[in-house]
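This report refers to the structure that appears directly beneath it.
The values are calculated or read from the model by the stated rules, or taken from the named source; none is laboratory data. Bear in mind that the values here come from a model prediction, so they are computed numbers and not experimental data. FYI the Cβ positions are ideal-geometry reconstructions off the backbone, even for glycines, and counts take in every protein chain you see. Just so you know, the surface numbers come from the protein's heavy atoms only, side chains and all, with ligands and any DNA or RNA stripped out. Shrake-Rupley method; radii C 1.70, N 1.55, O 1.52, S 1.80 Å.
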Amino acid sequence: MSDHIKLTSHPHSGSATQAGQVHWGASSALARGPLVASLTQPATRNVIGTHSGSYSVYRALAVASGHLDREHRPDLTNTAPVARIGPNPQWTEPGKIISLDPWGHCVSEVFAEQIAAGLDVRPSIAITKAHINMPELKDAITAGRLKPDGDILAENGDVRVTKAAIDPVWYLPGVAERFGIKESALRRALFEQTGGMFPELVTRNDLKVFLPPIGGMTLYFFGDVEKLGKPETKVACRLHDECNGSDVFGSDICTCRPYLAHGIEVCIEMAQRGGVGLVVYNRKEGRALGEVTKFLVYNARKRQVGGDRAETYFARTECVAGVQDMRFQELMPDVFHWLGITRIDRWASMSDMKHGALVAQGIEVVERVPIPDELIPADAKVEMDAKKAAGYFSESVPEAAELTLAKGRGLDE
Ligand SMILES: [Zn+2]
């Protein structure tokens, strides 16, 4: 490779690329065509952006510092998925899946010939197996709520799971349609709000697929994954948006980890009854506002006159971030379409936005499972009251007077 910088903003000579056009939603992987984001064979590229989401920046550091050969191509020997997912009918239904590549886990199989011929096609999804163990699950065994079965759940609290990591792959016309906006408006905002990082967003209207530099999601499956997509299979699910402070460190200002642990309990029960449990973990820290914004909001909440209380919970976020929430659940149902899920029997979530997004995409939610009151930390009462008052699923909505009470701890307590 020469030392010249190759601009991506305009087609390379002979731009009818070797990879060919992408026919998103086509009836087979071959008809859709491989997605090629190769940085070393620019003429073959048929997408905007690059693999590995935000980690592409670390890859840049590795190349710049001489630790990684920029020509390196992954050796995919033995990396194939441990469980078969799809193809499901939703993969080719127009508009159903627009934010991930349904063939992303099996590219080394379906595009084997193209890869052997030298085309740089890479997986955007990987599926493996693991054991997980959380102290809350041991507590549930001790309390008699969960019973070890020696298969899914062991005496020591180990749980056998299958897990999948998914990098986002956006089909821009589909994303624009989902949000009811013009593709040109979406492209322009993406270009401008990333500081002009991907010029092709505005110069290459012929490229319709974008690998955005953001975090993806992880799926944890409990029970037999390959039963998904069959109408008789009962499904329990917790859809969880990342909250590192609570999920990992047990911070008590919110209900995130308790609800996640409860959701996993619901998933294990479902798997033990012959169904499948699914936790979807989205990298959307702090309502996709990020942790810096989140911690600024915590301070604003706790220092405001009148103390930390539900009636000003959303207003304090809006003061700092300009909006209450940027998770935009519109794209979230795609993963259920990918798995062939049309009905969720037990849905461990109280969020009206998540529920609304699923229903809008034609996915039936049979039973909504709220977090049990005894699992809500004291400092998280502010958040819970505010969310219930704003329309979260609940058996009881707090009275207006409740919302004015300072229930959150002060910063120095
Ligand atoms: Zn949280």
**Study point:** Kirkwood hydrodynamic radius over Cα pairs of the range 47-94, then Stokes diffusion coefficient at 4 °C and 1.567 mPa s, in µm²/s
**Key:** 91 µm²/s
Practice item. With r as the distance between the Cβ atoms of D69 and A315 and R0 = 45 Å, compute the FRET efficiency 1/(1 + (r/R0)^6) and round to 0.05. Key: 0.30
Exercise for review: Between H23, H51, H355, find the one with the highest GNM mean-square fluctuation for the chain; connect C-alpha pairs within less than 10 Å.
Suggested key: H23
Review point. Could you name the lysines in cross-link range of K387, using Cα to Cα under 22 Å and dropping any fewer than eight places away on the same chain?
Key: K284, K294, K302, K354, K407
Practice item. In whole angstrom, note down how far apart the Cα centers of the range 32-63 and the range 257-323 are. Key: 32 Å
Revision key, fill the gap. Per the 1/(1 + (r/R0)^6) rule, R0 = 45 Å and r from the Cβ atoms of E136 and S27, FRET efficiency to 0.05 is 0.50
Point to revise | Length released on extending from A43 to S396, taking residue separation times 0.36 nm less the Cα-Cα span | key: 121.1 nm
Exercise for review: Determine the gain in length on full extension of the stretch E367-D345; use 0.36 nm per residue of separation and subtract their C-alpha separation, reporting nm with one decimal.
Suggested key: 7.3 nm
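So if we plug the beta-carbon distance of A300 and N244 into 1/(1 + (r/R0)^6) with R0 = 22 Å, what FRET efficiency do we get, rounded to 0.05? Please list the in-between numbers first.
Values: r = 20 Å, r/R0 = 0.89.
The value I calculate is 0.65.
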Check your understanding: Straight-line reach from K230: which aspartates and glutamates have Cα under 18 Å away, leaving out those fewer than 8 places along the same chain?
Key -> E93, D334, D345, E364
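Return the Rg/Rh value of the chain, two decimal places, where both radii are evaluated on C-alpha atoms and Rh is the Kirkwood radius.
Taking Rg over the Kirkwood Rh, I get 0.98.
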Study note, to complete from the structure: Under the rule rounded for a/c under 1.5, else prolate if a/b exceeds b/c, else oblate, using alpha carbon gyration tensor axes a ≥ b ≥ c, the range 1-94 is classed as oblate
Practice item. Kindly report, to the nearest 10 Å², the accessible surface of F179 as traced by a 1.4 Å probe over protein heavy atoms only. Key: 70 Å²
Exercise for review: Run through the DSSP bridge list for the chain and note the antiparallel percent, rounded to the nearest 5.
Suggested key: 60 percent
Study note, to complete from the structure: Here, H10 and A60, labelled 7 Å along Cα→Cβ, have an inter-label distance in nm of 2.3 nm
Practice item. Using label points projected 7 Å from each Cα along Cα→Cβ, tell me how many nm separate M326 and A116, to one decimal. Key: 4.6 nm
